[in-house]
Amino acid sequence: MPSRRHVIADDLRHQITSGHFKAGERLPSEAQLATCYTVSTATLRSALALLQGEGLVEKIHGSGNFVRRPLRKITYTGGGGAQSIWTAFSTPLRMTARTTNIEAPSHLTALLNVPPRSRLTEVLFTAHGGKTPHSLAHIYVPHDLAPATPPLAEQIAVSLADFRPPLSEVQERVSARFPTQEEATTLRISPSLAVLSVTRVSTDAAGRVVEAALLVLPGGRADALFTTRLVTDERSSKK
């Protein structure tokens, strides 16, 4: 016998797919829905969590639950070498950014190979596809390589690239995990929806790490594509 939360989720799912609740529309409040279905608020939220995990509903903190507009997946193209992170997406994204100066915590000292408490410039990017948050990126640069005056948000990625030395190697590590509560809230996704976590480390010819980027891409909104181009030895092919 289906649980109460599954029955509620099935009914709401039907109302969404049938057009009773339209894309972008705010659902009744959780208190109203709980009363309508004669269940506790906890049970109602559990039912909504199922729909959030399916990508049908998004919860916006302080505003309520909304029917999610259809989202087109955007492809992140890895292995792009020295290109900016945001030019590695198949579709242009609108960015907001916040820049701060920090002392490197332990996990970053290992990642950037710098002494403890080294000064870093951190740029937190939030990328938007239309009106919806699409992805997050924390970019860390040794303080001496960062611009003295923070540029405008849309210029930050370009300015950081101008200040760093030419790159010799870009290494990217991709893993799947669940988002932190802060990431889920910012991206308006369910904590049960897996995200792609990309750690990108850029090194110059001297072996110094000049930039580290930690990207978070919701699994329902992004694909990661890595292409390897092989060089054929002409002499071998003629044999």
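The values are calculated or read from the model by the stated rules, or taken from the named source; none is laboratory data. This structure is a prediction, so every number in the text was calculated from the model and none was measured. All Cβ positions, even for glycine, are placed from backbone atoms using ideal geometry, and neighbour counts span all protein chains on display.
Inspect all residues belonging to region 120-132 and state whether any of them is modelled with pLDDT under 85, among the hydroxyl-bearing types (Ser, Thr, Tyr) and in a strand (DSSP E or B). For region 120-132, residues modelled with pLDDT under 85, among the hydroxyl-bearing types (Ser, Thr, Tyr) and in a strand (DSSP E or B): present. Consider ALA176 carefully, then state whether it is at pLDDT 80 or above, within 30 Å of ARG45 (Cα to Cα) and not in a helix (DSSP H, G or I). Yes, satisfied.
Just one of the numbered conditions (1) touching a helix residue (DSSP H, G or I) at 6+ places or on another chain (Cβ under 9 Å); (2) within 25 Å of GLY219 (Cα to Cα); (3) modelled with pLDDT under 75; (4) assigned to a loop (DSSP other than H, G, I, E, B) is not true of GLY81: (1).
Counting the residues of region 1-39 that are under 17 Å from GLY53 (Cα atoms) and among the β-branched types (Val, Ile, Thr) gives 4.
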